[in-house]
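Undergrad: Take a look at the following structure, please.
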């Protein structure tokens, strides 16, 4: 890599490799995502030749997450989200608990500590924003009831992970024998974190819903497409950054709420269309970043553990999701589609894995298994969705009509 231009080198070589390998994958009738992931492995630090800047790629990928969630928020109203959350809220919480418990049991059989199993399980329990939204958009189901529930489920997982990231350092201190730290001392921190999330949501819906459309109108009247794109970028990235820096809310959740405040406004759809190209480009960089973090040696060194990890992600989470959806008295067809959508992991999984290692709760092998499981589940995700969709179509005529 050219030492003076790491950003340019990462973008140029990473996107070029993704374009070539994505094209080859498409010609072989494979999802282009497979090519993007292989491109990441090719330019990553674990293969010979060019090595992209591994510190830059995740940040570039985060921008893709922001644009994707901002675009999704543009399609959602509070009423849509409220209807979806009757299933999404209990479903997401129950599925996180089930997947985490399964991972703790499996890792106990491997001889891991409870702490390592807990972090590992939490990392495997949360789905990738980018992968799920790409799947919904490709299938044209983002605006359906299934799509609304899937996005609501995703947002709820995001909220749970915000709480987990607050509590994990405290858990590490207690398990490490720090007598000055207790669970009761976490209550104020947790209350503050939740209050910040609530304050941000109120600020966006009370103030943002009035101010943001006015700002867009001012720029739109200048009849300059360049200025219009600039204000769209500013809103999506600026609000997401402010949500994280000032309120402790994740970038993804901040961007989602920013999009929601524009829902129904006369210029909301226009903003989403102008940012479409940016969404696609940075989404590709997300998959390249995943590939860059993967060390192929784990396939040789821990094949059984890797297969078990993939089993938890695809089979364990899917079975749990189906049972939860059925317990909530929803159709089996809906359960199959929700289960398939969640049968992968991504952004928060990497954050939890890295934090677990830094706090001494998870060893490096566990982080490698998380990355390997993410890579494999993302590759298999289109096929899992295809099988689930086919099975759901056969069941839908027999299911009760939707209300």
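The values are calculated or read from the model by the stated rules, or taken from the named source; none is laboratory data. Every value quoted in this text rests on a predicted model; they were computed, and no experiment measured them. Ideal geometry is used to build each Cβ from the backbone, glycine not excepted, and the neighbour counts take in all protein chains shown.
Undergrad: Would it be correct to say that residue 397 is farther than 18 Å from residue 171 by Cβ, out of contact with any helix residue (DSSP H, G or I) (no Cβ under 8 Å at 6 or more places or on another chain), at pLDDT below 90 and in a helix (DSSP H, G or I)?
TA: For residue 397, the condition - farther than 18 Å from residue 171 by Cβ, out of contact with any helix residue (DSSP H, G or I) (no Cβ under 8 Å at 6 or more places or on another chain), at pLDDT below 90 and in a helix (DSSP H, G or I) - is met.
Undergrad: Here's another thing I want to ask about it. Quick one: residue 7 ticks every box in (1) over 23 Å from residue 235 (Cβ atoms); (2) in contact with a helix residue (DSSP H, G or I) (Cβ under 7 Å, 6 or more places away or on another chain); (3) at pLDDT 80 or above bar one, so which box is it?
TA: Condition (2) is where residue 7 drops out.
Undergrad: Then there is this: Among the residues of segment 120-145, write down those that are at pLDDT 90 or above and either part of a helix (DSSP H, G or I) or in contact with a helix residue (DSSP H, G or I) (Cβ under 6 Å, 6 or more places away or on another chain) (or both).
TA: Scanning segment 120-145 gives 120, 121, 122, 123, 124, 125, 126.
Undergrad: Assess whether residue 274 counts as being more than 22 Å from residue 149 (Cα to Cα) and in contact with a helix residue (DSSP H, G or I) (Cβ under 6 Å, 6 or more places away or on another chain).
TA: Yes; evaluated as a whole, the condition is true for this residue.
Table: residues versus (1) in a loop (DSSP other than H, G, I, E, B); (2) touching a strand residue (DSSP E or B) at 6+ places or on another chain (Cβ under 8 Å); (3) at pLDDT 90 or above; (4) under 30 Å from residue 62 (Cα atoms).
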| residue | (1), (2), (3), (4) |
| --- | --- |
| 290 | no, no, no, yes |
| 310 | no, no, yes, yes |
| 314 | no, no, yes, yes |
| 318 | no, no, yes, yes |
| 326 | no, no, yes, no |
| 330 | yes, no, yes, no |
| 353 | no, no, no, yes |
| 390 | no, no, yes, no |
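Undergrad: Spot the failing condition for residue 281; the list is (1) surrounded by fewer than 21 Cβ atoms within 10 Å (Cβ to Cβ); (2) modelled with pLDDT under 85; (3) part of a helix (DSSP H, G or I); (4) over 22 Å from the mean Cα position of the chain (by Cα), and only one is missed.
TA: (4)
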